[in-house]
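Chemist: Below: one structure in structure tokens.
Just so it is clear, none of the values below were taken in a lab; they were calculated from the coordinates. What you are looking at is a predicted structure, and each value in this text was computed from that prediction instead of being measured. Counting neighbours? That spans all protein chains shown, and the Cβs are built from the backbone with ideal geometry, glycine included.
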Amino acid sequence: MTDENKLVEEKPSCCAPNTGCTPNIERRQLLKGISASAAAATGLFNMPVMAGPFAFDNNKKLDADSNNPIPLDKKLDKDWVKSLYARGTATTYKGWEQLQYIGMPIGGIGSGTVYIGGDGKLWVWDIFNENHEGVVPQTYKHPTLVNEHGSSDIKERNGANYISPPAQTSPWHFDQGFAIKFENEQGKEQRLTLDHKGFDDITFTGQQPIAEVLYKDAKSQLEVKLEAMTPFIPLDTDRSSYPATIMSYSVTNNSSANKNVTLEGWFENPVLNSNSNGKDQSGTKRFTQGYTSKQGSGALATAKGDTPESDKKLQNQDNYGSFALHCLDKNTTTNIEEQLAHVKSEITLASGETQTVIFIVAWYFPNQKAMFKDEHQNIKRWYASEYNNAKEVALDITNSFDELTSLTRLWRDTWYESTLPHWLLERAMIPTNALQTNTAYRLENGRFWAWEGVGCCAGTCTHVWHYAQAVGRLFPDLERDLRERTDYGIGFKDNGAIAFRGEYNDKDATDGQAGVILRTYREHQMSPDDEFLKRVYPKARKALEFLI
């Protein structure tokens, strides 16, 4: 699922400023190179036969009908076609060879990019407002292909993260994770991290927006089931936009004796975390403090300037903010060692008993820099209008925890318990998690704004985003905002033309303009009354007349 939030393949005409987009490698040659490299990297392509066989001649042009070796019926395998209609079951993954390439967005709408890996490890951590292309910034140097400029470099927009999938790479790395401690057969304390380094037997099931990870340890006879989610409640955008992840660990004792178990989460203070050189961090101090509340305990990490002047300057930095780890167990203990915080919960399990320990991971880095025009530099992320730090985020979730999690499960169950095949339901829902990455931004002034793909091509491009239908059905207020604020507002011209990137260009695109008109009707369908249509109709009519 790495880089699944790339909405479309970018073309040279849709390039972001100053990125030097030149995807001029011959397409068929590139696809061959990609296929060979990806297969070698993953070793996962033991796919069933879907069609064929075909007789390819590399000297013939595949786009010419007379030379096309693929017949109209595509030689589709009948058994494979039949299998598409089977209801099936939720897709599960097992073994590190598969698990290492799983990356499922697990944060709120417009709150940055945090992935949960196939082994339950949180990774990427692109929450510090450093602009770049791709979920993970990298350039792949192809061993044989060279473009017209004499370069073998393939950038993110041209498929670098597909050719060389990043296996839990976190460029914005800081130490964090979860572990379980218990007494082993020799009477000694044993600690296993809740990831592939601690457990060999791990199974992952991802049904957006919830991931389930099952850990088994034969020696201890302990079984741990992780349910990871961020609140995701269609038609309730605000409560689907928490900069937070809920990690619920249910531990089962399958042995015949009682077991004392400790669930532990830890993190290193990530504030002022940066990959950019030259950022002034002088006159600042990072610190981490424990806290208690009626709903448990936790730790909050942040930073502060030595003087009012340095503190004010610090608070405008893109990597300034706070990070919190909260445990809902009232018996939680918190230990702070310099910049490393440990949050622990101790439980006793009788034979056959299961208990659940819940952690909330929250972050607060509000100073977005995606909107790179000068007039946008001081507009913060949406959550800055609701909270002052990550601790407030975590505590707000605890105040309505049962409702938030039950509604998220209700949506998951409603979607996946239909009669359609599981594979179809999974693939239909996966693209919506572009909202949960740095493709999409919710801003403190209520505006919804997005790239075409992470870091590439600004302005919620009309002739790209009008193909996306799920957002308008799941969170219609986001699309209504795009229509009124951007398409019929910032980007609207006196002659009825609509700039297809809002204030980021001055051109109209025919397909994008037609898409805006069609989406206007959809937004009316998703409105509780006709007030939206009354507000936008005069400009919608003028936009249609411009097309005609």
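Chemist: Expressed as a fraction of 2.2 N^0.38 Å, the rule-of-thumb size for a compact globular protein of N residues, what is the C-alpha radius of gyration of the range 293-367?
Modeler: 1.48
Chemist: Do any of 141/373; 259/330; 197/369; 259/344; 216/259 go past 24 Å between their Cα atoms, and which?
Modeler: Listed pairs above 24 Å: 141/373; 197/369.
Chemist: Given an 8 Å cut-off on Cα distances and at least 6 residues of separation, report the relative contact order of the chain as a percent.
Modeler: 15 percent
Chemist: Another one. Along the charge dipole of the chain, Cβ charges K/R +1 and D/E -1, which of 498, 482, 96 sits furthest on the positive end?
Modeler: Among 498, 482, 96, the one farthest towards the positive end of the dipole of the chain is 498.
Chemist: A further question on this structure: Take the alpha carbon atoms of the range 378-509, find their radius of gyration, then divide it by 2.2 N^0.38 Å using N residues; give the quotient.
Modeler: So the Cα radius of gyration is 1.24 times the expected 2.2 N^0.38 Å.
Chemist: Return the Cα extents of the range 152-258 along principal axes one, two and three, sorted largest first, each rounded to a whole Å.
Modeler: Rounded to whole Å, the extents work out to 55, 44, 24 Å.
Chemist: Next question. The chain: D in µm²/s via Stokes-Einstein (Kirkwood Rh, Cα pairs, 10 °C, 1.306 mPa s)?
Modeler: Rounded, D is 62 µm²/s.
Chemist: Taking the Cα centre of the chain as origin, work out the dipole magnitude from +1 charges on Lys and Arg Cβ and -1 charges on Asp and Glu Cβ, in debye rounded to 20.
Modeler: 660 debye
Chemist: Could you give the nm distance between label points at residue 388 and residue 294, where each point is 7 Å from its Cα heading toward the beta carbon?
Modeler: My value for the distance between the label points is 1.9 nm.
Chemist: As an exercise, use a Förster radius of 22 Å and the Cβ-Cβ distance of residue 470 and residue 533 to find the FRET efficiency, rounded to the nearest 0.05.
Modeler: 0.55
Chemist: Would you kindly calculate the mean projected area, averaged across all directions, of the convex hull enclosing the Cα atoms of the range 99-228, in square nanometres?
Modeler: Taking the Cα atoms of the range 99-228, their convex hull projects to 10.4 nm² on average.
Chemist: For q = 0.10, 0.12, 0.22, 0.23 Å⁻¹, what log10 I(q)/I(0) does the range 231-346 give under the Debye formula with an equal point scatterer on each alpha carbon and no solvent?
Modeler: -0.44, -0.60, -1.19, -1.22
Chemist: While we're here: Tell me which of 158, 194, 232 sits at the most positive position along the dipole axis of the range 128-261, charges placed on C-beta atoms (Lys, Arg +1; Asp, Glu -1).
Modeler: The residue sitting farthest along the positive end of the dipole is 194.
Chemist: Could you estimate the translational diffusion coefficient of the range 195-234 from the Stokes-Einstein equation, with Rh from the Kirkwood formula over C-alpha pairs, at 4 °C and 1.567 mPa s, in whole µm²/s?
Modeler: This corresponds to a translational diffusion coefficient of 115 µm²/s.
Chemist: If you wrap a convex hull around the Cα atoms of the range 380-454, how much volume per residue is inside, in Å³?
Modeler: About 118 Å³ per residue, rounded to a whole number.
Chemist: What base-10 log of the normalised intensity I(q)/I(0) is obtained for the range 318-440 from the Debye formula, alpha carbons as equal point scatterers, at q = 0.10, 0.21, 0.23 Å⁻¹?
Modeler: -0.53, -1.23, -1.28
Chemist: Return the Rg/Rh ratio of the range 109-185 with Cα-based radii and a Kirkwood Rh.
Modeler: Expressed as Rg/Rh, it is 1.14.
Chemist: Per the Kirkwood formula on distinct C-alpha pairs, the Rh of the range 458-529 is how many angstrom?
Modeler: 11.9 Å
Chemist: Still on this structure, I have one more. Tell me what the chain gives for mean residue ellipticity at 222 nm when only DSSP H runs of n ≥ 4 count, each as -39,500 (n - 2.57), the sum divided by the residue total, rounded to 500 deg cm²/dmol.
Modeler: Helices in the chain give a 222 nm mean residue ellipticity of -6000 deg cm²/dmol.
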